[in-house]
Amino acid sequence: MGLYLLLLSAIWLVAAFFVSLLVTKPLAGTPWRMSVAIILYPALLLLPLIDEFIGGWQFEQLCKKNTAVSVDRTKAAGRTVYLAEAAETEIHGPWVRVVRKPWVFADVKNAEPLVSYVTLVADGGRLSRLVSEGGTPLTFKGSCEPGGRVDPVALLSQLQLTQVQRSALNLGDKK
């Protein structure tokens, strides 16, 4: 894997050099040909990662907006909860794939949500999907949760909630 990535990098270094020469060839004899080539070469080098750079920034903004724990403290204390089913959804718009996973802890008596938060997971850009099987981002951390990392057991304990497994409940159609 490492050798494959090294080989791809070397090929891209050479290809970007020749493309920058080719593009600036019509500018031969002009004083700004070298300036254009000096700007073009690094831009071409970064081109395969541009979707990750922009997607990483977009992901960071989404994390700032979407990762807060929501708790109804007046209703929550002393209750028994279960982890309710909540569908993951893909967030459309960012340059990389981002999946939103809601975590909802609901009261066992009436399925009322008492604690909820969201985690986000991002895939890498085209290059990372090409070079790695999992497609994890190469230039940014591809996951975020409230406070950096949520420990559901500690959170529920802090809120004086008892968690039971959903499979142990007879919930019928409640969600």
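The values are calculated or read from the model by the stated rules, or taken from the named source; none is laboratory data. Because the structure is a prediction, the values reported are computed rather than measured. Cβ coordinates were reconstructed from backbone atoms using ideal geometry, including for glycine residues, and neighbour counts include every protein chain displayed. Quick note on the areas: whole protein, heavy atoms, side chains included, nothing else; ligands and nucleic acids left out. Shrake-Rupley method; radii C 1.70, N 1.55, O 1.52, S 1.80 Å.
Exactly one residue out of Gly134, Gly147 is part of a loop (DSSP other than H, G, I, E, B) and either on the phi < 0 side of the Ramachandran plot or open to solvent by 80 Å² or more (accessible area, probe 1.4 Å) (or both), and it is Gly134. Taken over region 86-112, the criterion of being of a type outside the set (A, V, I, L, M, F, W, C), in contact with a Lys or Arg (Cβ under 7 Å, 6 or more places away or on another chain) and surrounded by fewer than 17 Cβ atoms within 10 Å (Cβ to Cβ) is satisfied by Glu88, Thr89, Glu90. Among residues of region 118-140 that are under 19 Å from Thr89 (Cα atoms) and touching a residue at least 60 places away in the same chain (Cβ under 8 Å), those with a beta-carbon under 6 Å from a residue that is open to solvent by 70 Å² or more (accessible area, probe 1.4 Å) and not charged (D, E, K, R) at least six positions away or on a different chain give the pairs Gly124/Thr136; Gly124/Leu138. One residue alone among Leu138, Leu130, Leu156 is of a type in the set (A, V, I, L, M, F, W, C) and farther than 30 Å from Leu8 by Cα, and that residue is Leu156. Just one of the numbered conditions (1) more than 32 Å from the chain's Cα centre (by Cα); (2) on the phi < 0 side of the Ramachandran plot; (3) open to solvent by less than 90 Å² (accessible area, probe 1.4 Å) is not true of Trp32: (3). Within region 150-171, the set of residues being surrounded by fewer than 14 Cβ atoms within 10 Å (Cβ to Cβ) and β-branched (Val, Ile, Thr) comprises Val153, Thr162, Val164.
Residues of region 52-85 that are open to solvent by 30 Å² or more (accessible area, probe 1.4 Å), of a type outside the set (S, T, N, Q) and closer than 17 Å to Ser143 by Cβ: Trp57, Glu60, Leu62, Lys64, Lys65, Ala68, Val69. Screening region 113-131 for residues that are of a type in the set (S, T, N, Q) and under 16 Å from the mean Cα position of the chain (by Cα) and picking the one that is surrounded by the fewest Cβ atoms within 10 Å (Cβ to Cβ) gives Thr119.
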